[in-house]
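All remarks here apply to the structure that follows.
The values are calculated or read from the model by the stated rules, or taken from the named source; none is laboratory data. Just so it is clear, the structure is predicted and the values come from calculations on it, not from any experiment. All Cβ positions, even for glycine, are placed from backbone atoms using ideal geometry, and neighbour counts span all protein chains on display. To get the accessible areas, we keep the full protein, side chains included, count just its heavy atoms, and leave off ligands, DNA and RNA. Shrake-Rupley method; radii C 1.70, N 1.55, O 1.52, S 1.80 Å.
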Amino acid sequence: MLPPPPPQPQGAMATGAANHAVPCSAGRPKKRNQRRGPASLSVRASSDANTVTLLDYGAGNVRSVRNAIRHLGFNIRDVRSPEDILAADRLVFPGVGAFGSAMDVLTRTGMADALREYIRRDRPFLGICLGLQLLFDSSEENGPVSGLGVIPGVVRRFDSSEGLIVPHIGWNALQITKDTQLLQGADGHHVYFVHSYHALPSDVNRDWISSTCNYGESFISSISMGNIQAVQFHPEKSGATGLSILEKFLSPNSSGAKVQPRRKASKLAKRVIACLDVRSNDNGDLVVTKGDQYDVRDHTSSKEVRNLGKPVELASQYYIDGADEVSFLNITGFRAFPLGDLPMLEVLRCASEKVFVPLTVGGGIRDFTDASGRYYSSLEVASEYFRSGADKISIGSDAVFAAEAYLQTGVKTGKSSLEQISRVYGNQAVVVSIDPRRVYVKSPDEVQFKTVKVSSKGPLGEDYAWYQCTVSGGRDSRPIGAYELAKAVEELGAGEILLNCIDCDGQGCGFDIDLIKMVSDAVTIPVIASSGAGAVEHFSEVFEKTNASAALAAGIFHRKEVPILAVKEHLVDAGVEVRMQ
């Protein structure tokens, strides 16, 4: 039995946290303002061996955890009151969002005390991501903010002052420090992380630690004490390795699936992302399409939208083929629909049942009014995408306008979609998609924007270029450069940048190294290189010559010109760390 947790410090809740808390989808107890101490909670555990209790307080993508649990053959019982926690046989807490908002919800609903008591009784518990961090004394995120106080220690932000890219996003290796059933077979594998804050190992909590991970410094990647387990990574998004870990918790007598690493993991891997450009074709069906320089229609007399297949089937195949993430982008034909009927929601729901790596959705993340006149905010739209299975959302045009306003006034209003969504769900859940065109100049003095000396001269012999950003799918140019936009959206709360290049799109001649190097050197958040991949060598080139964290491709994967596995095998031969299934 675990010792009782130390007393919870009073008055340490983050200022304004209540304003940003997402409503708890699992419901609230009838007497929600009544604080209930451990002594008042006495509930007998249930006895359904095939049922798992899930604590979903309503933030971020919990559908993926649900799908993983069901995929492994288990039913789910949702927590609707503190008593449900005490009645659980096995409790999974997939924490997402901000530390302060989560603690505010847990405290107001009486579930914080129930969690402490459940853990004190040494009942089977699995915390995921924020579900690990909340076990500690406190966090510096918008704080200090007091946590559950089960494990001594403080949660701190990664230090980006020396150039470390934050958030820590991607597939990293575990250093296992304690022999636990949960992590058996995980040695040598990459698992998926996405976080800006981490718990620090120390002498006072070392007995809890079952594994660490290195990213700038060593941090706690999992804990284990009796029946209490928690992981900083996302097993539900870590492919077959993660499903095996989750199965070991759900079914302790099971050894989980045996997964042998093809290559031993040693550090953070570069990511290979498969992108699906999903659009409505001329018949109104959602299809995956690909074009040249953002033109997705056939160059024939029919001028029909190209149809390269159904999005869910393709996403599932990319997961099987070894894609580290799957992105759905360029969504159209949604404005007439009520929010709950957006076509992409069903695509996300179905894909998340089959794809156990991260899913990103982009396009249409903005305020809109449907055909009946009902207004929806960008935060409502993003929230619905998260609930439907998205792990990250990608903002395009809306982020450009927000950045322009910020650069003009120097004021963060907090009202833009970028700011609102990152505040509620964390910046690691927000990607900004930048779509620039190359504009050649003879001298950097000709423009007010950041220029680069280009590798290949312009059509009139120009040595320099700046990258003008566009909106509306590349149709409209804006008076802002890619460099300036990237710096601004980082300050406004973006956690990642998807960097496209209209000039290279669909050309198969390689990524725009000049552009990617300029932006990836300028920001301290991850940059995804996009547009132009046509051969495996293009992937090694972008990782060797720039600080890109990931490389994305669409057409070459759709048309099966270059298999994902071939890309990864080439990267291994080139000495680039990648995840090999």
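Things worth noting here:
- Around Val272: net Lys/Arg minus Asp/Glu count, Cβ-Cβ under 13 Å: -1
- Where segment 107-213 is the region considered: accessible area per residue in Å², 1.4 Å probe: 31
- Note on Thr413/Phe337: beta-carbon distance plugged into 1/(1 + (r/R0)^6) with R0 of 45 Å gives a FRET efficiency of 0.95.
- Contact order normalised by residue count of segment 409-529, Cα under 8 Å, 6+ apart, percent: 28
- Members of Lys264/Lys560; Lys487/Lys517; Lys392/Lys545 lying beyond 21 Å, as alpha-carbon distances in this model show: Lys264/Lys560; Lys392/Lys545
- DSSP beta bridges in segment 92-232 [antiparallel fraction, %, rounded to 5]: 70
- Pairs of Cα atoms in segment 349-502 fall into 5 Å distance bins, from 0 up to the last occupied one, in shares of 2, 9, 17, 18, 17, 14, 9, 6, 4, 2, 0 percent.
- The mean sequence separation of alpha-carbon pairs under 8 Å and at least six residues apart, normalised by the residue count of segment 174-225, gives a relative contact order of 39 percent.
- Between segment 349-419 and segment 109-150, the alpha-carbon centres lie 29 Å apart.
- Each residue of segment 495-508 was assigned a 3J(HN,Hα) from its phi angle through the Karplus expression (A = 6.51, B = -1.76, C = 1.60, θ = phi - 60°), giving x, 6, 10, 9, 9, 9, 8, 4, 4, 8, 4, x, 8, x Hz with x at Gly and Pro.
- Taking a ≥ b ≥ c as the square roots of the eigenvalues of the Cα gyration tensor, an a/c ratio of 1.5 or more together with a/b no larger than b/c marks segment 415-566 as oblate.
- Quotient of Cα Rg and 2.2 N^0.38 Å for segment 134-209, N being how many residues it contains: 1.23
- Three-way shape call for segment 49-127 based on the alpha-carbon gyration tensor, with the a/c threshold at 1.5: oblate
- Here's how it looks for Ile395: its modeled amide H is under 5 Å from those of Val431, Val432, Ser433, which are all 5 or more places away or on a different chain.
- Here the accessible area of segment 396-462 is 48 percent carbon and sulfur, with a 1.4 angstrom probe and all protein chains present.
- A 1.4 Å probe run over the protein chains yields, for segment 382-537, 37 Å² of accessible area per residue, whole-number rounding.
- Globularity index of segment 477-581, i.e. its alpha-carbon radius of gyration over 2.2 N^0.38 Å: 1.09
- For segment 85-191: rounded, prolate or oblate by the Cα gyration tensor [a/c cutoff 1.5]: oblate
- Environment charge of Phe219, counting only residues whose C-beta is closer than 12 Å and scoring Lys/Arg +1, Asp/Glu -1: 0
- Rounded percent of accessible protein surface that carbon and sulfur make up, segment 80-215, 1.4 Å probe: 45
- Net charge of neighbours whose Cβ lies under 12 Å from the Cβ of Tyr319, counting Lys and Arg as +1 and Asp and Glu as -1: -3
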